[in-house]
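Since the structure comes first, as structure tokens, the remarks are kept for the end.
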Protein chains: 2
Amino acid sequence: MADKRKRRRPDLSSDDDGEVHIPFKNRLKPDAAIIKTLEGITASLRSSSSSSSKTLTLNDLSLANACREVTDLSLASVQCSIESLVLSIARSILAGEGFSFSVPSRGAANQLYVPELDRIVLKDKSSLRPYANISTVRKTSITTRILQLVHQLCLKNIHVTKRDLFYTDVKLFQDQTQSDTVLDDVSCMLGCTRSSLNVIAAEKGVVVGRLIFSDNGDMIDCTKMGMGGKAIPPNIDRVGDMQSDALFILLVEKDAAYIRLAEDRFYNRFPCIIVTAKGQPDVATRLFLRKMKMELKLPVLALMDSDPYGLKILSVYGCGSKNMSYDSANLTTPDIKWLGIRPSDLDKYKIPEQCRLPMTEQDIKTGKDLLEEDFVKKNPGWVEELTLMVKTKKKAEIQALSSFGFQYLSEVYLPLKLQQQDWL
Amino acid sequence: MADKRKRRRPDLSSDDDGEVHIPFKNRLKPDAAIIKTLEGITASLRSSSSSSSKTLTLNDLSLANACREVTDLSLASVQCSIESLVLSIARSILAGEGFSFSVPSRGAANQLYVPELDRIVLKDKSSLRPYANISTVRKTSITTRILQLVHQLCLKNIHVTKRDLFYTDVKLFQDQTQSDTVLDDVSCMLGCTRSSLNVIAAEKGVVVGRLIFSDNGDMIDCTKMGMGGKAIPPNIDRVGDMQSDALFILLVEKDAAYIRLAEDRFYNRFPCIIVTAKGQPDVATRLFLRKMKMELKLPVLALMDSDPYGLKILSVYGCGSKNMSYDSANLTTPDIKWLGIRPSDLDKYKIPEQCRLPMTEQDIKTGKDLLEEDFVKKNPGWVEELTLMVKTKKKAEIQALSSFGFQYLSEVYLPLKLQQQDWL
């Protein structure tokens, strides 16, 4: 077979004259066989997650006092917390003691990676922010104002963006970084997520496939969203009633691959939910992915570019970004599998040499830095792949698969990956 | 009234204690009265566009020979055009004459703004691209390869991105700008739009409100899309069956304002369709807006930041961008009205001084450059507004309205604008 191929000298970069040149197409089993395997995996995942190994928390690790995490709170609880806080301030003032806020520190020195949780969390350091002090009076005023504005949002039950918040009092806030920073402080002080404060981020993610959910009261069937898909809602608290007959969630780094899979209705061939944030993950997409994973108990398989940024994006979905570490429990999705494009796929799938791009100095440095990160080190398979990438100094985009035909991704690469359970 | 206000010294930047401080809220008529006015406007627009003044074309202006525009072609016509082209090449080669392509020039010197059409179009200059010439052999090969790849897309009836196209033959194309450029050449040569070639752009726009349409065969009801809205499909040729009881289309520059209007379901108070490209307009959103305007015959009202970029974005929707001028007829939406935020609104709506930002040198230069552009000059109202902006050297974002309360935009500003038909 290999011999015969060599003699014909096939041009791997064209797919215009038939099936012969398409690597591995002949190894594919019938779809039904692949689906059967997937059903087994999903079932075992569900039984294990429902029975013994419940998700670890800081409490289980006796870290609840040493570390700090925020949770989703109802609007009523947020309102209640603010009112108690303000009452205690009033009492303090009436007692002639002025007032100050105790604000958790969010600096790097106060952050900790907890391997058991596979997340970055905040340690328990706090600092005092007194009103009657020349160096903190401004920040204390801003904090009070933000608390008041969030209280308004609770009463009206509406959502606003950070930008809206800033513009309600430009004179006080001066620039948006000041109101943004204090907003994160307020999240930590109240012990709730930023989305619990009804302050939301602009969304850019889309979802398509075997998922039904409610968005602000409207039932959405994601198999009936054409090629464009459903825009992921900016406010996770109005998302609910998730139902699905999917066997896995396919997390796609970029738009182009998403479009291919949506047009081919890949989710009808292999029951799945396809989601993408179109590049860097935004908060709304991260919250949505976590909610799907938690409620539907499905494996999450990630399809990223084979470069350090692909892996970095995967890590943001998986264990959070440093500047929102106080909220890592709600923003991260545990146990995401790295499906592809992995550095070892380049040879395995015979990606043509000209589709492999040389890594820049910066790429190589980023790759080496990632090798030092805890979330990579805990997974020997990932270390091996990343080491290979840094050694060969080659990267490749998902689109590189188009060299075997536009539909190679959906018709051969992904089905074969699923058949072979080839993820790490 | 003004006196009384002065004595109370209201703090305009807060909305927490009642209605008193909200400017103009008391001038609003009942919604039914405003809707009645809008119905009249929409009806007159429909009757005028259906009867006498049909859309002008290059033909009407006797410019069809002097200028070049592309049109939407069916996949079968594209396939047919490519096959005829290739046949003529084969004949030329068999006659011993080698072959060359005649490629329309897309340079600035070959572009023309046609005031009657309010669009930029291409003049008729072409250049020859012979195969048997050392300086053009590479480009001719690339052109042939792109024609072949597009022909494949026709046969398979699938859509791909420019990036996919590039990766099918990296060895030949070398970098993506080369395949992209030739793709635009091929559009011009075949006289069809790029989307007719089934090569699509990544979409980022969303739509919500009183619109029903089909996306790749699925019927989408945009009143039932929650807060996230429906992602605008990347491929306009699979969009159809548009139905609507809206009275206007609200074109919003940015995400934050879109979210406000979607959460408040503004489209249920005043029947409308709300659409945004979240910043710089992408091709998919421009095509979608034009299709809505043409099929539904609704007025389009634009809500932009009051800065030179807001107006520039409006101009891209309205009369196209320079580098896709050959396709301006299909990408542009005629007769978009500038609703706000207009420079004169800053005083009229008493936007607090601290929410007006000083324009940078670059802003002022961009503003002055815009004053020289034909699409601004043809509209005296726009010239007046832009002159005011450049004179006061102040800009403001849509979010500046949040200084009167988070919902001032949806509850007062927009209804009053509609009531007063305050657009240019």
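Figures for the structure shown
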quantity: Output for the stretch A:20-61, where each listed residue is within 14 Å of another protein chain (Cβ to nearest Cβ) and either open to solvent by 80 Å² or more (accessible area, probe 1.4 Å) or at pLDDT 75 or above (or both); calculated: A:ILE22
quantity: Members of the stretch A:141-192 found to be buried (at least 21 other Cβ atoms within 10 Å of the Cβ), facing chain B (nearest Cβ under 10 Å) and outside any helix (DSSP H, G or I), listed by number; calculated: A:HIS159, A:VAL160, A:THR161, A:THR168, A:ASP169
quantity: Hey, A:ILE220 β-branched (Val, Ile, Thr) and either part of a loop (DSSP other than H, G, I, E, B) or more than 20 Å from A:VAL316 (Cβ to Cβ) (or both) or not; calculated: yes
quantity: Check on A:ILE364, more than 30 Å from A:LEU287 (Cβ to Cβ) and in a helix (DSSP H, G or I); calculated: yes
quantity: Among the candidates B:GLU361, B:GLU397, residue that is touching a residue at least 24 places away in the same chain (Cβ under 8 Å) and among the acidic types (Asp, Glu); calculated: B:GLU397
quantity: Inter-residue pairs, beta-carbon under 6 Å, first in contact (Cβ under 8 Å) with a residue 24 or more places away in the chain and farther than 12 Å from B:ALA262 by Cα and in the stretch B:204-219, second open to solvent by 30 Å² or more (accessible area, probe 1.4 Å) and assigned to a loop (DSSP other than H, G, I, E, B), 6+ apart; calculated: B:LYS204/B:LYS278; B:LEU211/B:SER244
quantity: Test: residue in the stretch A:106-127 that is open to solvent by less than 60 Å² (accessible area, probe 1.4 Å), closer than 30 Å to A:ASN379 by Cβ and small (Gly, Ala, Ser); calculated: yes
quantity: Single condition A:LYS254 does not satisfy, out of (1) within 14 Å of chain B (Cβ to nearest Cβ); (2) at pLDDT 90 or above; (3) more than 16 Å from A:GLY209 (Cβ to Cβ); calculated: (2)
quantity: Strands (runs of 3 or more DSSP E) contained entirely in the stretch B:57-136, each with at least 2 residues that are out of contact with any helix residue (DSSP H, G or I) (no Cβ under 6 Å at 6 or more places or on another chain) and farther than 26 Å from B:ASN235 by Cα; calculated: B:100-104, B:111-114, B:126-130
quantity: Pairs with Cβ under 6 Å, 6+ apart, first in the stretch A:367-378 and assigned by TED's automatic domain parsing to the domain that holds A:ALA396, second of a type in the set (Gly, Ala, Ser); calculated: A:PHE375/A:SER315
quantity: Single unsatisfied condition, A:ILE134 versus (1) within 13 Å of chain B (Cβ to nearest Cβ); (2) open to solvent by 30 Å² or more (accessible area, probe 1.4 Å); (3) at negative phi; (4) not aromatic (Phe, Trp, Tyr); calculated: (1)
quantity: Where A:ILE313 falls short, out of the listed (1) surrounded by fewer than 20 Cβ atoms within 10 Å (Cβ to Cβ); (2) in contact (Cβ under 8 Å) with a residue 60 or more places away in the chain; (3) among the β-branched types (Val, Ile, Thr); calculated: (1)
quantity: Condition check for B:PRO299: open to solvent by 10 Å² or more (accessible area, probe 1.4 Å) and either within 13 Å of another protein chain (Cβ to nearest Cβ) or farther than 25 Å from B:HIS159 by Cα (or both); calculated: yes
quantity: Residue within the stretch A:262-281 that is open to solvent by 30 Å² or more (accessible area, probe 1.4 Å) and more than 14 Å from every other protein chain (Cβ to nearest Cβ) present; calculated: yes
quantity: Residue within the stretch B:222-236 that is open to solvent by less than 20 Å² (accessible area, probe 1.4 Å), facing another protein chain (nearest Cβ under 8 Å) and more than 29 Å from B:ILE398 (Cα to Cα) present; calculated: yes
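The values are calculated or read from the model by the stated rules, or taken from the named source; none is laboratory data. Remember, it's a predicted structure, so these values are computed and weren't measured experimentally. Note: ideal-geometry Cβ built from the backbone for every residue, glycine included; neighbour counts use all protein chains shown. Side chains are part of the model used for accessible areas, which takes the heavy atoms of the whole protein and leaves out ligands, DNA and RNA. Shrake-Rupley method; radii C 1.70, N 1.55, O 1.52, S 1.80 Å.
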